[in-house]
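Quick notes on the structure that follows.
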Amino acid sequence: METIHDQNKVLLQPLRAAFRAGDPQRMQQEILRIFAPNARIRLGYPFNEITGPQELWSRVYRPLLVAMPDLERRDFIVMAGPRWGGSAGGSWVGLGGNFVGTLHAKWLGIPATGQLVFMRYHEYLRVEDGQVVEMEGLWDIPQVMLQAGVWPMAPQLGVEWMCPGPADGQGVVTAPNDKAMTDASVHLVWDMLHDLKQGDATSPGRGLGGYWSDNAYWFGPTGLGTARGHAGIRNRIFRGFRQGLSDNTRHLEDGVFFGDRNLVAFTGWPSGTATHSGDGFLGLDPTGRRVTRCSLDFWRIENDLVQECWVMVDMIDLYRQLGVDVFARMAALSDMKEAA
């Protein structure tokens with residue numbers, strides 16, 4: 001039986017088709033059509049909070065299209081479901097994939113390359129009465145900086161690449177919503193995250209055993225990178241967080257969980273709060289600062305274990321809170337490159 005969540009995915013098809021085609025006129029029309037006039041939109045730094053579709057178009061998408069006239073957006077995850085747990089409900093749609101285009105002009109200070117670049121995105125949309133009334137989205141802007149040759153952050157420990165979509169080829173979910181399957185998937189991730197938050201510097205692998213496949217993938221944002229398997233995820237990703245951050249609180253109950261069959265999504269704004277008190281986090285000396293992090297994550301469950309996880313963190317904002325102006329550093333590198 002078709003549910004409202006299945007209908008919401010259909011509702012977004014024209015918007016997705018316009019983005020896939022990279023047609024500015026269609027994109028603008030669909031954004032204005034599908035978003036409520038006062039939709040609450042929260043994006044990563046430097047966009048932050050904006051209101052309504054007109055501002056979303058003029059401040060965010062139009063400048064991107066000026067810089068990349070041949071832009072296309074390739075979704076590898078499209079899922080939808082009701083908010084699970086928490087004090088508020090709502091019907092949500094999760095989108096993940098890559099922007100691809102030729103960087104013909106400077107964008108956000110990133111110098112033009114004249115070459116093809118890619119940028120991963122995760123977006124969660126709350127739909128009410130046939131319109132998007134709330135959106136949270138993160139773009140991997142540092143990924144474009146790296147490709148443009150003006151990398152302003154510490155070297156990442158994980159591998160950098162255009163990460164693939166779900167290995168089972170079912171990331172764009174078209175099958176009817178399956179409540180029992182969805183509930184089982186969400187419960188697994190919910191339990192895993194509660195176990196994960198018990199980890200510290202003495203137990204960097206906490207949260208992996210019993211929840212993650214031995215050969216699971218952790219697809220992180222540029223600045224953290226990708227790791228595979230328990231040892232890779234523990235040593236290249238979790239260890240830095242657990243050695244460098246203390247009083248690490250995950251805001252699981254305040255975030256938005258939803259699932260669609262074997263896919264699970266979680267967004268927290270913020271998703272966690274911690275004190276930067278130790279070495280090993282992003283290559284920075286401890287600052288003693290209390291920081292928040294915003295993230296939008298997807299998981300794919302296979303044989304009752306996490307097989308793949310796509311993580312998007314607002315890395316630029318995280319560095320900003322730690323006293324590092326990523327855009328200023330990038331500008332300095334760009335000036336040096338031009339002068340050479």
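(1) at pLDDT 95 or above; (2) in contact with a Leu (Cβ under 7 Å, 6 or more places away or on another chain); (3) of a type in the set (Ser, Thr, Tyr): which one isn't true of residue 217, the others all being true?
The number of the failed condition is (2).
Can you tell me how many residues within the range 248-289 are assigned to a strand (DSSP E or B), in contact (Cβ under 8 Å) with a residue 40 or more places away in the chain and of a type outside the set (S, T, N, Q)?
14
Need the failing condition index for residue 154 against (1) among the hydrophobic types (A, V, I, L, M, F, W, C); (2) modelled with pLDDT of 90 or more; (3) in the same structural domain as residue 305 (by TED's automatic domain parsing); (4) under 28 Å from residue 280 (Cα atoms), just the number.
Of everything listed in (1) among the hydrophobic types (A, V, I, L, M, F, W, C); (2) modelled with pLDDT of 90 or more; (3) in the same structural domain as residue 305 (by TED's automatic domain parsing); (4) under 28 Å from residue 280 (Cα atoms), residue 154 misses just condition (3).
Of 306, 311, which residue is under 24 Å from residue 85 (Cβ atoms) and either assigned to a helix (DSSP H, G or I) or out of contact with any helix residue (DSSP H, G or I) (no Cβ under 7 Å at 6 or more places or on another chain) (or both)? I'd like the intermediate steps shown before the answer.
Details: 306 fails: either assigned to a helix (DSSP H, G or I) or out of contact with any helix residue (DSSP H, G or I) (no Cβ under 7 Å at 6 or more places or on another chain) (or both).
Answer to the selection: 311.
Consider residue 126 carefully, then state whether it is crowded, with 19+ Cβ neighbours inside 10 Å and under 13 Å from the mean Cα position of the chain (by Cα).
For residue 126, the condition - crowded, with 19+ Cβ neighbours inside 10 Å and under 13 Å from the mean Cα position of the chain (by Cα) - is not met.
Would you please list the contacts, defined by Cβ atoms under 6 Å and residues six or more apart or on different chains, that run from a residue in the range 92-113 that is more than 13 Å from residue 63 (Cα to Cα) and touching a residue at least 24 places away in the same chain (Cβ under 8 Å) to a residue that is among the acidic types (Asp, Glu) and part of a strand (DSSP E or B)?
Here the result reads 95/75; 95/123; 97/75; 100/72, each pair linking the range 92-113 to a residue that is among the acidic types (Asp, Glu) and part of a strand (DSSP E or B).
Which of (1) out of contact with any Lys or Arg (no Cβ under 6 Å at 6 or more places or on another chain); (2) buried (at least 16 other Cβ atoms within 10 Å of the Cβ) is the odd one out, the single condition residue 174 does not satisfy?
(2)
Would you point out which residue out of 93, 150, 100 is assigned to a strand (DSSP E or B), buried (at least 19 other Cβ atoms within 10 Å of the Cβ) and not basic (Lys, Arg)?
93
Does the range 222-237 hold any residues that are modelled with pLDDT under 95 and of a type in the set (Val, Ile, Thr), and which are they?
Selection gives 233, 237.
I want to confirm something. Restricting to the range 218-233 and keeping residues that are surrounded by fewer than 22 Cβ atoms within 10 Å (Cβ to Cβ) and either in contact (Cβ under 8 Å) with a residue 60 or more places away in the chain or closer than 29 Å to residue 144 by Cβ (or both), which single residue is nearest to the chain's Cα centre (by Cα)?
Pass one, the range 218-233, residues surrounded by fewer than 22 Cβ atoms within 10 Å (Cβ to Cβ): 225, 228-232.
Pick out the ones that are also either in contact (Cβ under 8 Å) with a residue 60 or more places away in the chain or closer than 29 Å to residue 144 by Cβ (or both) and you get 225, 228-229, 232.
Working: 225: 13, 228: 18, 229: 21, 232: 21 Å.
Here the residue is 225.
Can you find a residue that is part of a helix (DSSP H, G or I), over 21 Å from residue 120 (Cα atoms) and touching a strand residue (DSSP E or B) at 6+ places or on another chain (Cβ under 6 Å) anywhere in the range 225-238?
yes
Quick check on the range 23-39. Is at least one of its residues buried (at least 20 other Cβ atoms within 10 Å of the Cβ) and either at pLDDT below 95 or not in a helix (DSSP H, G or I) (or both)?
Yes, the range 23-39 has at least one match.
Could you figure out which of (1) more than 23 Å from residue 315 (Cα to Cα); (2) part of a helix (DSSP H, G or I) isn't true of residue 59?
So residue 59 meets the others, but not (1).
For the range 188-212, give me the residue count where each residue is out of contact with any His (no Cβ under 9 Å at 6 or more places or on another chain), surrounded by 16 or more Cβ atoms within 10 Å (Cβ to Cβ) and either modelled with pLDDT of 80 or more or assigned to a helix (DSSP H, G or I) (or both).
8
This table checks each residue for (1) outside any strand (DSSP E or B); (2) touching a His at 6+ places or on another chain (Cβ under 9 Å).
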{"position": "119", "(1), (2)": "no, no"}
{"position": "133", "(1), (2)": "no, no"}
{"position": "137", "(1), (2)": "no, yes"}
{"position": "142", "(1), (2)": "yes, no"}
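Considering every residue within the range 41-54, establish whether at least one is among the β-branched types (Val, Ile, Thr), surrounded by 14 or more Cβ atoms within 10 Å (Cβ to Cβ) and closer than 17 Å to residue 107 by Cα.
no
Per-residue answers, yes or no, for (1) closer than 24 Å to residue 209 by Cβ; (2) in contact with a Cys (Cβ under 7 Å, 6 or more places away or on another chain); (3) of a type in the set (A, V, I, L, M):
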position	(1), (2), (3)
289	no, no, no
296	no, no, yes
300	yes, no, no
308	yes, no, no
326	no, no, yes
329	no, no, no
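The values are calculated or read from the model by the stated rules, or taken from the named source; none is laboratory data. All figures in this text were calculated on a predicted structure; none of them were measured in a lab. Counting neighbours? That spans all protein chains shown, and the Cβs are built from the backbone with ideal geometry, glycine included.
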